[in-house]
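Take a look at the structure set out below.
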Amino acid sequence: MHDDRVTIRPASPSEVEVITSMWDEAAEWLKAQGVNQWQYPANKEKIARDIDLVHAYVARRHGEYLGTITVDEFADPEFWSPSDVPGSALYAHRMIVRRAVETPALGTALLNWASEKAALLGKTWLRVDAWKTNAKLGSYYESQGFEHVRTVDLPHRKSGALYQRLAGSIRRGGPRYLALEVPQFDENGSPEWGWSSEA
């Protein structure tokens, strides 16, 4: 039986350009929707650093890239105050779902995975911040079980709408997924990481 699950795994150094291209696709789609978010080039150095730190992940199925998400323990001090207990959360960034690939509710799967990961790390919350002008994204996060904590309106920051949901909480409706934190190897001993095909 063919495995139809989405695979979520750490991105490899060779996939900086893959994530960059996903950013470009997302920026074009947002522009077409009249949203000015991400209307600047992706920061390849930051992406490469997140990959090196094993913070950047990619979602694939049958060898095709579906999306990406970055998770880490960095609580932006301009957004999250000491009263928020910043260390109690895992923070999700740069979640992208490729519109060119039909994968209904992939975002649900990515956020469920991040929520599970937060719980495994002993966190209480999974947190995100969204652009203040992107009301649709805020509504989407709320539909995914996030609560709006507050909006921090700083003139030099585009983002600032803060959301959180309990770590370990799962929403129904997304595709099944296989989380990989270590490489799987094929019959030739080659790792699943990078450009190799998936079963």
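Taking 0.36 nm per residue of separation and subtracting the Cα-Cα distance, full extension of the segment from Glu45 to Leu180 would add 46.2 nm. Scanning residues 5 or more positions from Tyr177 or on other chains, those with amide H under 5 Å from its amide H are Val6, with H placed 1.01 Å from N in the peptide plane.
Solvent-accessible surface of region 33-133, averaged per residue with a 1.4 angstrom probe and all protein chains in place: 45 square angstrom. Rounded is the label for region 1-149, because a/c, from the alpha-carbon gyration tensor with a ≥ b ≥ c as root eigenvalues, stays below 1.5.
The phi torsions of region 61-67, fed into the Karplus equation with coefficients 6.51, -1.76 and 1.60 and a -60° offset, translate into couplings of 8, 6, x, 9, 7, 10, x Hz, rounded to whole numbers, with Gly and Pro shown as x.
Amide H to amide H, with H built 1.01 Å from N, Met95 comes under 5 Å of Thr70, counting only residues 5 or more places away or on other chains.
Taking θ as phi - 60° and the Karplus parameters 6.51, -1.76 and 1.60, the scalar couplings of region 44-51 work out to 5, 5, 5, 4, 4, 5, 5, 5 Hz in sequence order, x denoting glycine and proline. Per-residue ellipticity at 222 nm computed for the chain from its helices equals -8000 deg cm²/dmol, with DSSP H segments shorter than 4 residues left out and the rest contributing -39,500 (n - 2.57).
When peptides 167-177, 113-123 are ranked by their average number of other Cβ atoms within 10 Å per residue, the highest-first order is 113-123, 167-177.
Under 5 Å between amide hydrogens, built in the peptide plane, is the criterion, and for Gly168 it picks out Glu116, Ala118, Ala119 among residues at least 5 positions away or on other chains. In sequence order, region 52-58 has phi-based couplings of 4, 8, 6, 10, 9, 10, 10 Hz under the Karplus curve 6.51 cos²θ - 1.76 cosθ + 1.60, θ = phi - 60°, and Gly or Pro positions carry x. How big is the dipole moment of the chain about its Cα centre under a simple scheme where the beta carbon of each Lys and Arg is +1, that of each Asp and Glu is -1, and everything else is neutral? Debye, nearest 20, please. Roughly 700 debye, rounded to the nearest 20.
The values are calculated or read from the model by the stated rules, or taken from the named source; none is laboratory data. Computed from a predicted model, the values in this text were never measured in an experiment. Cβ atoms come from the backbone with ideal geometry, glycine included; neighbour counts cover every protein chain shown. Side chains are part of the model used for accessible areas, which takes the heavy atoms of the whole protein and leaves out ligands, DNA and RNA. Shrake-Rupley method; radii C 1.70, N 1.55, O 1.52, S 1.80 Å.
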